[in-house]
Amino acid sequence: MSEVARLTLVTHALTEAVAAARFPADEPLSAPGERSVMKVGPSVYAERADLVLTAPELRTRRTAEILGRDAEIEAALMDWRCGEWAGRTVDELAPEDLMAWLTDPEHRPPSGESIRDLLDRVREWLRTLTATPRRVTAVTHPAVVRAAVLLALDAPARSFWRVDIPPLSATTLHGRASTWTLRATAHPLIPAD
């Protein structure tokens, strides 16, 4: 029997872009986001991990810092690249662009990546984790977590928007060889005792 890789994906705390329904840029946590992650403090997910990773953006690095332990930056965990849409609200998009983005996993915003591209990126990263089974905690973005959930369930790419992953939540997967199992989804992080 092969060893199991244990992966906990933690989403960053709230940002102004999330609160305003804007496409993300590399923004910091909002004041409420900072307060919420400070309430959680050092996380058991970080304490028990053999390896703690973080996406390169400010919001994920700050969340990882507050949750405890130094985290290595992993480029594969970066947020969905929305290209020229960064900083814009969904209301600012042409209706046909918005509809294409929400219904066609192959649709790419200008200079961005499609949902299919994101799934491919996360799939490749997950493959690297089963090569050396251990406990990994990764602070990342809701889009990356959605992608990992779809891949574990072997769900179609068009299901991407049917998975709700809120800020400051944990999703756990177990991986053996090239197969991942969804163990828990979108559990809110709670303050340590």
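The values are calculated or read from the model by the stated rules, or taken from the named source; none is laboratory data. Quick caveat, the model's predicted, so the values are computed rather than measured. Cβ coordinates were reconstructed from backbone atoms using ideal geometry, including for glycine residues, and neighbour counts include every protein chain displayed. Keep in mind that these areas ignore ligands, DNA and RNA; they rest on the heavy atoms of the full protein, side chains included. Shrake-Rupley method; radii C 1.70, N 1.55, O 1.52, S 1.80 Å.
Sub-8 Å Cβ pairs linking a first residue in the range 158-179 that is at positive phi to a second residue that is hydroxyl-bearing (Ser, Thr, Tyr) and open to solvent by 50 Å² or more (accessible area, probe 1.4 Å), at least 6 apart or interchain, are Ala177/Ser2, ordered by first then second residue.
Which of the residues that make up the range 93-129 are open to solvent by less than 30 Å² (accessible area, probe 1.4 Å), closer than 24 Å to Leu9 by Cβ and assigned to a helix (DSSP H, G or I)? Passing the criteria: Trp101, Ile115, Leu118, Leu119, Val122, Trp125, Leu126, Leu129. Return a yes/no flag: does the range 84-102 have any residue that is on the phi > 0 side of the Ramachandran plot, touching a Phe, Trp or Tyr at 6+ places or on another chain (Cβ under 8 Å) and not basic (Lys, Arg). Checking the range 84-102: at least one residue is on the phi > 0 side of the Ramachandran plot, touching a Phe, Trp or Tyr at 6+ places or on another chain (Cβ under 8 Å) and not basic (Lys, Arg).
Scanning the range 52-96 for residues that are in contact with a Pro (Cβ under 7 Å, 6 or more places away or on another chain) and over 16 Å from Val145 (Cβ atoms) yields Leu58, Arg62, Gly68, Ile73, Ala75, Cys82, Gly83, Glu84, Trp85, Ala86. A residue that is under 16 Å from Ala143 (Cα atoms) and among the β-branched types (Val, Ile, Thr) occurs somewhere in the range 48-58.
Given the condition out of contact with any helix residue (DSSP H, G or I) (no Cβ under 6 Å at 6 or more places or on another chain), open to solvent by less than 30 Å² (accessible area, probe 1.4 Å), under 16 Å from Arg121 (Cα atoms) and part of a helix (DSSP H, G or I), answer yes or no: does some residue in the range 152-173 qualify? Scanning the range 152-173 turns up at least one residue that is out of contact with any helix residue (DSSP H, G or I) (no Cβ under 6 Å at 6 or more places or on another chain), open to solvent by less than 30 Å² (accessible area, probe 1.4 Å), under 16 Å from Arg121 (Cα atoms) and part of a helix (DSSP H, G or I).
Each row is one residue, and each column tells you yes or no for (1) within 22 Å of Thr185 (Cα to Cα); (2) of a type in the set (Val, Ile, Thr); (3) touching a residue at least 60 places away in the same chain (Cβ under 8 Å).
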| position | (1), (2), (3) |
| --- | --- |
| Arg22 | no, no, yes |
| Ala25 | no, no, yes |
| Val44 | yes, yes, yes |
| Glu57 | no, no, yes |
| Ala64 | yes, no, yes |
| Leu67 | yes, no, yes |
| Trp80 | yes, no, yes |
| Thr89 | no, yes, yes |
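When the helices (runs of 4 or more DSSP H) confined to the range 13-92 are screened for residues that are open to solvent by less than 60 Å² (accessible area, probe 1.4 Å), those reaching at least 3 such residues are found at 31-40, 58-67.
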